[in-house]
Amino acid sequence: MAQAKLYQRPQVFPDAPAPLVLRLAPVVKMTELQFFKLCQLNDILRLERTSEGDLVIMGPAGGETSRGNAELTRQVANWTAADGTGVVFDATAGFRLPNGATRSPDAAWLLRSRWEALPLQQRRRFAPICPDFVVELRSPSDSLHFLQGKMQEYIDNGARLGWLIDALQRQVYLYRPGVPVERLDDPRTLSGDPVLPGLVLDLSRIWSD
């Protein structure tokens, strides 16, 4: 895949520290229902859980990142409605991966047949399934190293395609099973083929000025 010319932007933000991680095991062991209720009680925060049971605590996004997330989800949702084979999720959805971690990508897509095969009660909480497609949009407060680890975790747990969009440097990292991670410099668009045929993401509407 051809790479666009590198966007020349000063490194204003060094790699941010990783999110706050609160170790619970073996002192506290929460059930899936308890963790779900904890997230509902603290909905101003984005809470995830690692495969070891540790809590990952992240604050709400800033305005520019929120705008980018909304645009990202809109484009994927529009394609999803036209395609009809899957369902789309925004950043508030949590997924319990096969390794036991519960993660919340900024956008996700899942084959409708896989989603509807889950019992309704599971779909109402953090669904025990890995999405087929995930996207993470890096904000100034996000550690690139932390997000790269999350992306690899999605792939290791069954995702078929992942995009890590670094809006700070205008770079995109492509994640696919069995293929080395590919970095694109200042791309104008992203294609979901062949996993998501016909999906073309317009990055000009997502990049920060």
DSSP-defined beta bridges in the stretch 20-205 - what % are antiparallel, rounded to 5: 80
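For the chain, give the magnitude of the charge dipole about the Cα centre (Cβ charges: +1 Lys/Arg, -1 Asp/Glu; no others), in debye to the nearest 20. Walk me through the numbers before you get to the answer.
Numbers: 24 positive and 24 negative charges, 86 e Å.
Dipole of the chain, to the nearest 20 debye: 420 debye.
Which of Asp202, Asp186 has the fewest other C-beta atoms within 10 Å, and how do the rest follow up to the most? Can you show the working numbers first?
Values: Asp202 12, Asp186 17.
Ranked by crowding around the Cβ, least crowded first: Asp202, Asp186.
By counting other Cβ atoms within 10 Å of each Cβ, how are Arg74, Arg138 ranked from fewest to most?
On the way: Arg74 14, Arg138 24.
Exposure proxy ranking, most exposed first: Arg74, Arg138.
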Estimated 222 nm signal from helices in the chain, with DSSP H stretches of n ≥ 4 weighted -39500 (n - 2.57), rounded to 500: -7500 deg cm²/dmol
Sequence ranges 171-183, 24-36, ranked by mean other-Cβ count within 10 angstrom, highest first: 171-183, 24-36
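Within a 10 angstrom radius of the beta carbon, how do Ile165, Ile44 rank from fewest other beta carbons to most? Please list the in-between numbers first.
Working: Ile165 25, Ile44 6.
If I rank by nearby Cβ atoms, fewest first, I get Ile44, Ile165.
Values quoted throughout were computed directly from the atomic coordinates according to the rules given, and no laboratory measurement underlies them. From a predicted model like this one, the values you see are computed outputs, not experimental measurements. Counting neighbours? That spans all protein chains shown, and the Cβs are built from the backbone with ideal geometry, glycine included.
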